[in-house]
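Here the structure is laid out as structure tokens; the discussion comes afterwards.
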Amino acid sequence: METFCTMTDEELVVSYADGNDYAFDLLLNRHKQSLYTYIYYTVRDQGLAEDIFQDTFFKAITTIRQGRYTETGKFKAWLTRIAHNLIIDYFRQKKNENIVSNDDYEFDLFNNSSLCDETVEMKMVKNQVFSDVKRLIDFLPDEQREVLQMRYYGDLSFKEIAEVTGVSINTALGRMRYAILNMRKLATDHKMILTIN
């Protein structure tokens, strides 16, 4: 079992393709948090995020079992690309059905009493800052918002973002730079304070 833990993603994929289900369990545990976070912050709906997360791994399982996985050395980016495509498919379908949902589900990373001892006032400040940041992200152009979400919520490298979105690394970096500049400008224009003291 310890040997499996030291294996690369690619080695685990090969082992899983050979019939070792434990190898896939390790892959799932390795990537589930960052992948789910990316999906959730993109769709902003817990139930939908869980569905897309499960569909992503179902597609990954099917592809590997059928011997069609060819993304050597890029398993995390490959998984994210599957999720990315499923999200796009979902929103295209909703657009075609002419249904628009603007529900906003709050997810407070700091609302866990076991992690810190904070005053109520400090929690309120943090909640306001995170709420303001989320609102600013919603005003970004799609390409900038997508890169920002993949980088900060999906924990992808710029190389992985470039592969998932089909652009060069420089383009991904440029989109991130403009996203941050636009958020700063919006924050200044609306007199938002985005620091936590």
| query | Regarding Ile88, is this residue open to solvent by 20 Å² or more (accessible area, probe 1.4 Å), closer than 26 Å to Val147 by Cβ and at pLDDT below 90? | reply | yes
| query | Pick from region 39-62 the residues that are among the polar types (S, T, N, Q), open to solvent by 20 Å² or more (accessible area, probe 1.4 Å) and at pLDDT 90 or above: which of them is farthest from Leu148 (Cα to Cα)? | reply | Gln54
| query | Mind checking which pairs have a first residue in region 18-30 that is of a type outside the set (S, T, N, Q) and a second that is open to solvent by 50 Å² or more (accessible area, probe 1.4 Å) and part of a loop (DSSP other than H, G, I, E, B), Cβ under 8 Å, 6 or more apart or different chains? | reply | Tyr22/Met1
| If you scan region 135-162, which residues turn out to be surrounded by 16 or more Cβ atoms within 10 Å (Cβ to Cβ) and among the hydrophobic types (A, V, I, L, M, F, W, C)? | Leu136, Ile137, Leu140, Val147, Leu148, Met150, Leu156, Phe158, Ile161, Ala162
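Condition check ((1) modelled with pLDDT under 85; (2) closer than 24 Å to Leu79 by Cβ; (3) among the aliphatic types (A, V, I, L, M); (4) open to solvent by 60 Å² or more (accessible area, probe 1.4 Å)) across all residues:
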| site | (1), (2), (3), (4) |
| --- | --- |
| Val164 | no, yes, yes, no |
| Ile169 | no, yes, yes, yes |
| Arg177 | no, no, no, yes |
| Ala187 | yes, no, yes, no |
| Thr195 | yes, no, no, yes |
| message | Going through Arg68, Arg30 one at a time, which residue ends up being over 23 Å from Arg92 (Cβ atoms), open to solvent by 80 Å² or more (accessible area, probe 1.4 Å), part of a helix (DSSP H, G or I) and not acidic (Asp, Glu)? | response | Arg30
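The values are calculated or read from the model by the stated rules, or taken from the named source; none is laboratory data. Fair warning: this is a prediction, and the values are worked out from it, not measured in the lab. For neighbour counting, all protein chains shown are included, and Cβ atoms are generated from backbone atoms with ideal geometry for every residue, glycine included. Just so you know, the surface numbers come from the protein's heavy atoms only, side chains and all, with ligands and any DNA or RNA stripped out. Shrake-Rupley method; radii C 1.70, N 1.55, O 1.52, S 1.80 Å.
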